[in-house]
Amino acid sequence: MERIQIETRDGATAFAPGEVVEGTASWQLDKPARTVELRLFWYTQGKGDQDVGVVLTVPFPEPALQDRRSFHVVLPQGPYSFSGKLISLLWALEVVAEPGSRAGRIEIVVSPSRREIVLQPHFLVV
Amino acid sequence: MRARDNPFAAQCVQAIPYRLSGSTWEKLLDRLAALRCRAALVGPHGRGKTTLLEELARRLDERGLRTRRIVLREGDRRLSGAQRETLFRSLTARDVLLVDGAEQFGRLAWLEVRTRSRAAGGLVITSHRPGLLPTLYECRTTPELLAGIVADLVGREEAGRLPPAEDLLVRHGGNVRDALRDLYDFCAGITSSPAARTGSP
Amino acid sequence: MVTQPLSSRRGGSFPSGCLVLFFAVFFLVGLAAFYFAALRPVMEYLASRSWQETTCTVLSSQVGTHSGSESATYSVDVVYTYNFEGRAYQSDRYGFLGGSSSGREGKEEIVARYPPGARVSCWVDPVHPEQAVLSREPSAEWLIGLVPFVFLLLGGAGIVWSVRKRWGARAAATALPMAPAEAFGVQAPAVLGGAAGGSLELKPYATPWAKLLGLILLALFWNGIVSVFVWQVAKGWRTGGPDGCLTLFLIPFVLIGLGLIFAVGRQFLILFNPRLHLTLTPGTLAAGESGYLQWSLGSRGGGVKRLTIILEGREEARYQRGTNTYTDKLVFATLTLVDTGQELEIPSGSTSFALPADSMPSFTAPHNKIRWALKAHCDIAGWPDSDDEYEVLVRPGRGA
């Protein structure tokens, strides 16, 4: 059975903007892949149509059927992970093998507090 | 409830496959072949025509055909340059053209599509009204259909706690899409007001 | 386990096609009709200031009847001869606006002034003596030339709007992937003096004049079309052949038209409202940091009884399915910066405030946005209130 996995160092999944994310990508494929690459991207979920922003792509040259590669990426300054009632923005690392569009993905949080920003209705009077 | 947890988020709803009523995919594809692959999916707003077209595209791709799809928006009376390129470049008999929203076309634009698509293996459109091409399938909605979609999204037990499908369909004039968006608001705890939404239905 | 890649989905496709052709038809038709119905008669009228008055003899005169699909129209048909520089000419032109129109009585009055055999004055073009008219003066009928002007304006405005919408959508789509300085998909506005932390004079989304123009165009367009049917219905009632069904059918359309006229009047009054000038320092706010807002109502601020300015953060989610587009908005943060009824505080003032540290910065993607805006409300006694909205950019805090 095919398998594509991503593991971050120490299993960390929450980061601040600008931090370095290190880890390893491993895969076991039934059919050879011409390309395997790691993608860092954000995407939205909610009531609106989905937006996707691929921030960075790291190719793994000459991928074998079964392989393990390390990666080291620097997170951008934004956007932050957040959730409101209409929109959630999530970050993820994904390894994609082509042809066949086979992928493995892990979700991460990117924000100054290393926690998803929750848009809760609030009222303030100055 | 956070947007990402809402079972009626756009991405979850769009992932629901189309449920044929009174037919099977085998029969539908046979009928399409009998119509020489030139046919229309008809129905008013929010009846699932786009979803059905997407599912049809997937099945045609599985059968070794190559689908090329464009989506027309409100007011698109003719093809743009990019759309012409998508539809008509190097057409072969293996290509099936899919036009979502063909009722938007003006007469000349529709004539252009019909003429230039002759080289393709097929042309399937969605339209609010019949008449442009032979009807392959008429998209209709029923309370049972909506109830089934809701159950797929949230499970039967949770579905029982939501507003009844029949009431929703009546309120939205049979428009399943609007009914599902209403359920999104219900789960999110949003009281929708006319000022909170703008749209071009 | 293996799934389909999410990162391959192409988010951010902007709307295809445009409405330019649709509005161009309005524009071109309006342009042609405006030229013949208004511009050309006016140009000829101005040129006729140099024409010479000459005596002419009326050969025949009558009211011409022209049958249309709905009803007949009438014209002044007068034929006359005149001599100019030793040569005889004949003309049948009464004025500069030709054609026919409704209103038989007016035409009969004109024809009565030109009985056959009468010797009357006419105006001759000395450069082209074959061109002559009996009357140079403009008449109330020339106002008909304003009708195509509405189509001209509507078509032109529609073209501009369609092109700008397409540019805007294209700009939004090309926000992905984002440059480091635009991590949140928004571009910082130019601030006064170009200095970081400098002040910014805020501009409202839509000026009162823009709102008034939009309402006028809409009211003219709507009432222009509805008035044709109202005219038919009124004529029916006048001539004893009323159409009750059409009358009832028209009622909601007439009510909407009246509502639009009321809205135009209201917006016209708002033009005289005091203008609120807002200056924000720094020009872009930052989460967890202070901001300073100055306001000024100018010399007409005395009429304002209460001033409210709030800073609002909202989610905007756009959803397209089939040919329809919906945008849902939801406010998640409301900060009341100014709420005063004090006479001394209203005309001008300032306030400091701080955005909570966990405020979500402004974010723009093709279908999903986080937007911040200042909403100002001026409560004016006995007069329409003013409501304006000013977009504000919130960037990540320095601590981020």
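A few comments on the model shown:
- The residue that is farthest from residue A:121 (Cα to Cα), counting only those in the range C:278-334 that are of a type in the set (A, V, I, L, M, F, W, C) and facing chain A (nearest Cβ under 8 Å), is C:317.
- Filtering C:332, C:363, C:353 for residues that are of a type in the set (Phe, Trp, Tyr) and more than 30 Å from residue B:74 (Cβ to Cβ) leaves a single hit, C:353.
- Qualifying residue in the range C:356-367 (condition: surrounded by fewer than 17 Cβ atoms within 10 Å (Cβ to Cβ), more than 14 Å from chain A (Cβ to nearest Cβ) and not acidic (Asp, Glu)): no
- Top-ranked residue of the range B:167-191 - restricted to ones that are among the acidic types (Asp, Glu) and farther than 13 Å from residue A:86 by Cα, ranked as modelled with the lowest pLDDT: B:178
- Given (1) more than 30 Å from residue C:24 (Cβ to Cβ); (2) touching a Cys at 6+ places or on another chain (Cβ under 9 Å), index of the condition residue B:75 fails: (1)
- Within the range B:67-83, if we keep just the residues that are more than 11 Å from chain C (Cβ to nearest Cβ) and of a type in the set (D, E, K, R), the residue that is farthest from residue B:52 (Cα to Cα) turns out to be B:68.
- Of all the residues in the range C:200-232, those that are buried (at least 17 other Cβ atoms within 10 Å of the Cβ) and not in a helix (DSSP H, G or I) number 3.
- Verdict on residue B:4 being within 14 Å of chain A (Cβ to nearest Cβ) and among the charged types (D, E, K, R): yes
- Test result for residue C:47, under 35 Å from the mean Cα position of the chain (by Cα), of a type outside the set (Phe, Trp, Tyr) and within 29 Å of residue C:231 (Cβ to Cβ): no
- Members of the range A:6-36 found to be polar (S, T, N, Q), in contact (Cβ under 8 Å) with a residue 40 or more places away in the chain and under 18 Å from residue A:62 (Cα atoms), listed by number: A:24, A:26, A:35
- Listed by first and then second residue, the pairs linking a residue in the range B:99-122 that is within 14 Å of chain C (Cβ to nearest Cβ) to a residue that is of a type in the set (Val, Ile, Thr) and assigned to a helix (DSSP H, G or I), with Cβ atoms under 6 Å apart and 6 or more places separating them unless they lie on different chains, are B:100/B:50.
- Restricted to the range B:7-28, and to residues there that are over 17 Å from the mean Cα position of the chain (by Cα) and assigned to a helix (DSSP H, G or I), the residue that is surrounded by the most Cβ atoms within 10 Å (Cβ to Cβ) is B:27.
- Among the residues making up the range C:380-400, those that are modelled with pLDDT of 90 or more and either within 14 Å of chain A (Cβ to nearest Cβ) or touching a Gly at 6+ places or on another chain (Cβ under 8 Å) (or both) are C:393, C:394.
- Some residue of the range A:25-36 being at the interface with chain C (Cβ under 10 Å from one of its Cβ atoms) and of a type in the set (D, E, K, R): yes
- Subset of the range A:76-126 [at pLDDT below 90 and either in contact with a helix residue (DSSP H, G or I) (Cβ under 6 Å, 6 or more places away or on another chain) or within 12 Å of chain B (Cβ to nearest Cβ) (or both)]: A:120, A:121
The rows are residues; the columns are (1) more than 17 Å from residue B:136 (Cβ to Cβ); (2) buried (at least 22 other Cβ atoms within 10 Å of the Cβ); (3) of a type outside the set (Asp, Glu); (4) assigned by TED's automatic domain parsing to the domain that holds residue B:147.
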{"site": "B:30", "(1), (2), (3), (4)": "no, no, no, no"}
{"site": "B:48", "(1), (2), (3), (4)": "no, yes, yes, no"}
{"site": "B:59", "(1), (2), (3), (4)": "no, no, yes, no"}
{"site": "B:73", "(1), (2), (3), (4)": "yes, no, yes, no"}
{"site": "B:90", "(1), (2), (3), (4)": "yes, no, yes, no"}
{"site": "B:99", "(1), (2), (3), (4)": "no, yes, yes, no"}
{"site": "B:105", "(1), (2), (3), (4)": "yes, yes, yes, no"}
{"site": "B:108", "(1), (2), (3), (4)": "yes, no, yes, no"}
{"site": "B:112", "(1), (2), (3), (4)": "yes, no, no, no"}
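- Which listed residue is touching a residue at least 40 places away in the same chain (Cβ under 8 Å), more than 12 Å from every other protein chain (Cβ to nearest Cβ) and over 28 Å from residue B:169 (Cβ atoms), from B:35, B:28: B:35
- The range A:68-124: number of residues that are over 28 Å from residue A:27 (Cα atoms) and not hydroxyl-bearing (Ser, Thr, Tyr): 20
- So residue A:46, is it farther than 30 Å from residue C:328 by Cα, in contact with a helix residue (DSSP H, G or I) (Cβ under 7 Å, 6 or more places away or on another chain) and buried (at least 17 other Cβ atoms within 10 Å of the Cβ): no
Residues are listed down the side, and each one gets a yes or a no for (1) more than 30 Å from residue C:127 (Cβ to Cβ); (2) assigned to a strand (DSSP E or B); (3) in the same structural domain as residue C:37 (by TED's automatic domain parsing):
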| position | (1), (2), (3) |
| --- | --- |
| C:59 | no, yes, no |
| C:63 | yes, yes, no |
| C:66 | yes, yes, no |
| C:77 | no, yes, no |
| C:83 | no, yes, no |
| C:89 | no, yes, no |
| C:96 | no, no, no |
| C:99 | no, no, no |
| C:109 | yes, no, no |
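The values are calculated or read from the model by the stated rules, or taken from the named source; none is laboratory data. Values in this document were obtained by computation on a predicted structure and should not be read as measured data. Glycine also receives a Cβ, built like all others from the backbone with ideal geometry; neighbour counts cover every protein chain displayed.
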